[in-house]
There are 2 protein chains.
Amino acid sequence: MDKDRYHHGDLANALIAAALAAVERDGVADLSLRSLAERLGVSRAAPYRHFPDRDALLAAVAARGFEALCEGYETALATPGNGVQALRAATRFYMDFASGRPGLHGLMFHTDFLTRTPPPAVLIPPANRAYDLLMRLVSATIPDADDRARKARTITVWSTTFGFVALRAAGRFKPFMRDPLEDAEIEAAILDAVAPLGAASAASPVLEGVARGLGFLKAEALETGLQFRTDRRFDVDGAA
Amino acid sequence: MDKDRYHHGDLANALIAAALAAVERDGVADLSLRSLAERLGVSRAAPYRHFPDRDALLAAVAARGFEALCEGYETALATPGNGVQALRAATRFYMDFASGRPGLHGLMFHTDFLTRTPPPAVLIPPANRAYDLLMRLVSATIPDADDRARKARTITVWSTTFGFVALRAAGRFKPFMRDPLEDAEIEAAILDAVAPLGAASAASPVLEGVARGLGFLKAEALETGLQFRTDRRFDVDGAA
DNA sequence: TGGCAAATGTAAGCGGCGACAACATGGGGG
DNA sequence: CCCCCATGTTGTCGCCGCTTACATTTGCCA
């Protein structure tokens with residue numbers, strides 16, 4: 001019988017898989033290395049042969065999550081057409097990812113240990129790659145923007161999508177609304193805030209108008225976007 | 001000497017204050033009721049006379065946070081002018097609040113126990129009030145929108161601002177960018193995504209166009225907004 | 001092929017924590 | 001004035017992260 005072997009065989013990966021399942025089932029706070037070890041039929045100290053501490057295991061799980069996220073972003077990037085459909089596909093994928101694996105997504109973004117400086121080393125490459133892919137996706141929708149505008153827009157898009165899935169996962173929307181919106185309705189609003197249809201391809205005059213304004217996505221609005229915004233601030237917002 | 005009294009006097013509030021300070025200093029994960037009790041010169045079990053468990057104390061601290069947030073929103077709501085300046089002021093306040101008290105903000109939004117159903121009872125009234133105030137702030141910037149559009153826009157605004165402060169607090173932006181944007185630059189982009197200048201008061205034709213389109217804010221864009229979006233999806237987005 | 005060193009797993013224990021139970025204290029209302 | 005009960009204390013249990021000392025297996029090299 002394999003289970004009676006002294007050596008497990010692939011305890012590191014088994015731990016990651018078991019941790020992912022446990023996090024998905026009970027949340028990250030209730031995860032213990034002892035219970036994981038017991039579940040895998042291994043002694044309490046065995047996990048420490050593969051991960052220096054609990055946070056290192058969680059970081060490894062989160063790294064897998066970022067890799068999965070990158071995969072989704074890459075397939076989205078291959079979406080034909082102008083960049084808008086690609087960004088919408090990526091955003092959809094991200095929303096599905098976060099709602100389909102809430103534990104993993106929470107581990108990737110909510111967790112305290114991620115905020116420590118510096119972040120765990122295993123996390124940096126896949127997280128960097130996810131950011132790069134997102135920036136490419138966003139940049140394709142604002143072809144004429146300069147680098148700073150691309151960064152600002154990427155951060156805005158990232159903030160909106162992440163904020164939405166985080167708040168939804170936390171169940172923040174329904175309790176506060178009588179007659180709450182349908183999930184699909186909210187998702188559509190988020191999608192349109194992130195990558196409005198018609199932004200890079202004029203579909204109709206109305207849509208074109210929407211696209212023109214929405215988040216300074218179109219070239220003419222963008223070209224001097226940051227400048228006029230900065231200038232304006234002293235005139236209008238400075239009074240606030 | 002007061003400190004030698006058998007009864008503390010106001011242990012409940014002292015615990016909340018000490019917990020807030022400890023969370024702000026070391027993060028929520030490292031907070032223990034024992035250390036709090038010791039710091040207050042009280043036995044380890046004393047806190048349990050005032051809070052049934054650790055989460056209840058944390059919820060009480062979070063409730064204070066939501067009350068502070070409501071205060072800021074209320075003063076923002078009194079900002080003169082059209083609603084845009086008020087929403088911008090509120091958003092500024094929220095960003096300052098989150099960066100000035102990152103521990104408290106994290107407790108209010110990141111914490112696992114908040115996702116449980118139902119949320120702690122002490123949290124519901126102030127959290128509801130914060131949501132209502134935000135919805136009023138947002139609605140003032142889209143005077144012609146109907147109820148569903150207000151809700152959708154509120155959620156979008158909330159997602160964007162929350163996502164931004166959460167990701168910034170987690171230090172997510174700087175590691176991924178060479179030549180990162182200044183904080184003020186990013187904040188300006190977020191502010192413009194949430195409450196663009198000129199949205200409710202036409203300052204210039206260009207700005208008016210921006211305002212018209214931004215997130216189906218104006219009535220004419222909204223009326224058939226959800227329909228055409230759903231229809232479109234099968235045509236354009238469905239290809240993804 | 002034989003043996004040895006590194007990799008891997010085990011057993012036991014330390015200190016800290018959340019939570020409960022039984023007991024002690026003292027301040028305010030009858 | 002006194003006693004009741006909110007408040008605080010001591011003792012205890014179980015779980016956890018992590019470390020140390022020891023046992024077994026694997027794979028590599030002479």
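The values are calculated or read from the model by the stated rules, or taken from the named source; none is laboratory data. These figures come from a predicted structure and were not determined experimentally. For neighbour counting, all protein chains shown are included, and Cβ atoms are generated from backbone atoms with ideal geometry for every residue, glycine included.
Below, the figures for the structure above:
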read-out	value
Region B:162-195 - residue that is at the interface with chain A (Cβ under 8 Å from one of its Cβ atoms) and in contact with a Leu (Cβ under 7 Å, 6 or more places away or on another chain) and, of those, modelled with the highest pLDDT	B:Phe162
Of all residues in region A:151-187 being β-branched (Val, Ile, Thr) and in contact (Cβ under 8 Å) with a residue 12 or more places away in the chain, the one that is surrounded by the most Cβ atoms within 10 Å (Cβ to Cβ)	A:Thr160
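For every residue, the table says whether it meets (1) within 16 Å of DNA strand C (Cβ to nearest atom); (2) of a type in the set (Gly, Ala, Ser); (3) buried (at least 21 other Cβ atoms within 10 Å of the Cβ).
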site: A:Glu38; (1), (2), (3): yes, no, no
site: A:Pro80; (1), (2), (3): no, no, no
site: A:Arg92; (1), (2), (3): no, no, no
site: A:Gly100; (1), (2), (3): no, yes, no
site: A:Ile124; (1), (2), (3): no, no, no
